[in-house]
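Engineer: Provided herewith is a single structure, encoded as structure tokens, for subsequent inquiry.
Values in this text are rule-based calculations from the coordinates and carry no lab data. Remember, predicted model here, so these are calculated numbers, not experimental data. With ideal geometry, Cβ positions are generated from the backbone for all residues, glycine too; neighbour counts draw on all protein chains shown.
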Amino acid sequence: MHLSEILNHLGEERADYFNAVSPPVIQSSNFVYKDLDKFRAAVSDEIGSHLYTRGNNPTVAILRKKLAALEASEDALAFGSGVAAIAAAIIGNVSAGDHIVCVKAPYSWTFKLLDKFLRRFNVTHDFVDGTNIAEIEAAIKPNTKVLMLESPNSLTFELQDIRACAALAKKHGLVSIIDNSYCSPIFQKPITMGIDISVHSGTKYLNGHSDVVFGALCGSKEMVQQIFDSEQMNLGAIVSPHDAMLIIRGLRTLELRMHRSHDSAIKITNWLEQHPKVEKVYYPFSKSFPQYELAQKQMTGTGGLFSLMLKTKDPQKLEGFFYELERFLLAVSWGGHESLVLPIVALYNIPGKENPALPINLFRFYIGLEDPDWLMADLEQALEKM
Ligand SMILES: *Cc1c(COP(=O)(O)O)cnc(C)c1O
């Protein structure tokens, strides 16, 4: 299906709501039945009918159709956060005594889900170097059930060879899951490469306006039904109808936003790589990136997220550079309209926390929708003063 059809029309049965161009927010917890047989049919098919909004709400159903089509999957679920979607995908495919192979340095709460939460239920794991397929295979045990990927990750951007990982999972009978937040379905479609479940922090690009926290899970009809019947209905981490409407609105511009961020980040990283005060740029589409070839093979773009390492390691200079930046906001998250900076020096010396395993002179940048030249001028003056 054409991307324009998905983003502008799919799932929008306008005749059902006064031919309104934009879908209504169906702000109702429950739905009325006058016919017992129709009620019975709805109870037996909660995912496909409108019985109760924890199961399926008409506004959310429009969003689900678009998410599935974007990922080229059979079906999709919407969750109240990316973390809820990740947890549902993983928990839904393990039982006590099972083992998970996960790439090292995944999103922090994916790490904690395996390292703390699932440990309590006797589900064990190994973290592996995802750039090395032999190391992934060597970690698979007889009780391994899930292969958890994140390609690229959102700080240093290591990739996994998605097709090779999907084939490996099939060979060993594992469920393969990928966190596809970094690329969004515009730039990477893991299901078409053989992955079983693609999950997103939809808080980032899918919504794209820094005003909703939500998650998406895409997979086969059977897998989605299984997770719906258990994790989504039991844990109940759903997205509200109002938020679903905001996300549908965000999706209208997903393609435009992704290309804008991509083009701006390419321009800015090319310039930064030549700058005398910059040691290194981490960006999958930059020619110096160690996995550049693989990135070109499985991604059609990279979006606005990259990291750079400054030459100096002097904490005062690093903090000074941050304070000179006027057009980048210090905030967590990314994927919205606004450009952001996350100086790793800000994660050092936090009371009650260990210093991160990341170099102090690393800065993560997110390039939003502003004029790239306007952003570059800000970087230039801050580097100049440092
Ligand atoms: C933000 C993020 C998440 C978590 O998503 P929430 O919507 O905040 O729950 C998961 N994975 C990646 C890569 C992220 O950047």
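Engineer: For all pairs of alpha-carbon atoms in segment 3-251, what percent lies in each bin of width 5 Å, listed from the first bin to the last filled one?
Structural biologist: 1, 6, 14, 18, 19, 15, 11, 7, 5, 2, 1, 0
Engineer: Next question, about the same structure. Between helix 241-251 and the chain, what is the angle of the helix's C-alpha long axis to the longest principal axis, kept within 0 to 90° and rounded to the nearest 10?
Structural biologist: Tilt relative to the chain: about 50 degrees.
Engineer: Mind checking segment 277-386 for trypsin sites (Lys or Arg not before Pro) that DSSP puts in a loop (not H, G, I, E or B) and that have at most 16 other Cβ atoms within 10 Å?
Structural biologist: Loop-located and lightly packed - K277, K287, K311, K313, K353.
Engineer: Return one number: the angle in degrees, 0 to 90 and rounded to the nearest 10, between the long axis of the Cα atoms of helix 315-324 and the longest principal axis of the Cα atoms of the chain.
Structural biologist: Relative to the chain, helix 315-324 is tipped by roughly 70 degrees.
Engineer: Right, something else. Tell me which trypsin sites (Lys or Arg not before Pro) from segment 78-124 have a DSSP coil assignment and no more than 16 other beta carbons within 10 Å of their own.
Structural biologist: K104
Engineer: Hey, another quick one. Give me C218, C165 ranked fewest to most by other Cβ atoms within 10 Å of their Cβ, as a rough exposure proxy.
Structural biologist: Lowest to highest Cβ neighbour count: C165, C218.
Engineer: If one takes the longest principal axis of the Cα atoms in the chain, at what angle in degrees, from 0 to 90 and to the nearest 10, does the Cα axis of helix 82-91 lie?
Structural biologist: For 82-91 against the chain, the angle is about 70 degrees.
Engineer: What's the extension gain from Y292 to H9 if we count 0.36 nm per residue and subtract their Cα-Cα distance?
Structural biologist: My answer for the length gained is 98.3 nm.
Engineer: Please give, to one decimal in nm, the separation of the simple spin-label points placed at S95 and H259, each 7 Å out from Cα toward the Cβ.
Structural biologist: 4.9
Engineer: Among S198, S44, S261, S307, which comes first, then next, by fewest other beta-carbon atoms within 10 Å?
Structural biologist: Starting with the residue having the fewest Cβ neighbours, the order is S44, S307, S261, S198.
Engineer: Something else now. Could you give me the ³J(HN,Hα) list for segment 290-295, computed from phi with Karplus coefficients 6.51, -1.76, 1.60 and θ = phi - 60°, whole Hz, x at Gly and Pro?
Structural biologist: x, 10, 3, 4, 5, 4
Engineer: May I ask you to derive the FRET efficiency for S22 and E273 from their Cβ-Cβ distance with R0 = 41 Å, giving the value to the nearest 0.05?
Structural biologist: Taking R0 as 41 Å, the efficiency between S22 and E273 is 0.45.
Engineer: Once the Cα atoms of segment 254-386 are picked out, what are the Rg and Dmax in Å?
Structural biologist: 14.6, 43
Engineer: Can you tell which of A61, A89, A164 shows the greatest fluctuation in a Gaussian network model of the chain with Cα springs below 10 Å?
Structural biologist: A164
Engineer: Here's another thing I want to ask about it. With each pseudo-label sitting 7 Å past Cα toward Cβ, what's the M1-A377 distance in nm, one decimal?
Structural biologist: Those two pseudo-labels are separated by 4.3 nm.
Engineer: Hey, with R₀ at 22 Å, roughly what FRET efficiency would V332 and K311 work out to, going by the Cβ-Cβ distance, to 0.05?
Structural biologist: Once rounded, the FRET efficiency stands at 0.25.
Engineer: Turning to a different aspect of this structure: For I86, I162, I197, which order do you get if you count the other beta carbons within 10 Å of each Cβ and list the fewest first?
Structural biologist: Ranked by crowding around the Cβ, least crowded first: I162, I86, I197.
Engineer: Can you pick out the pairs among K171/K221; K104/K280; K267/K317; K145/K353; K116/K145; K171/K297 whose Cα atoms lie more than 27 Å from each other?
Structural biologist: K145/K353
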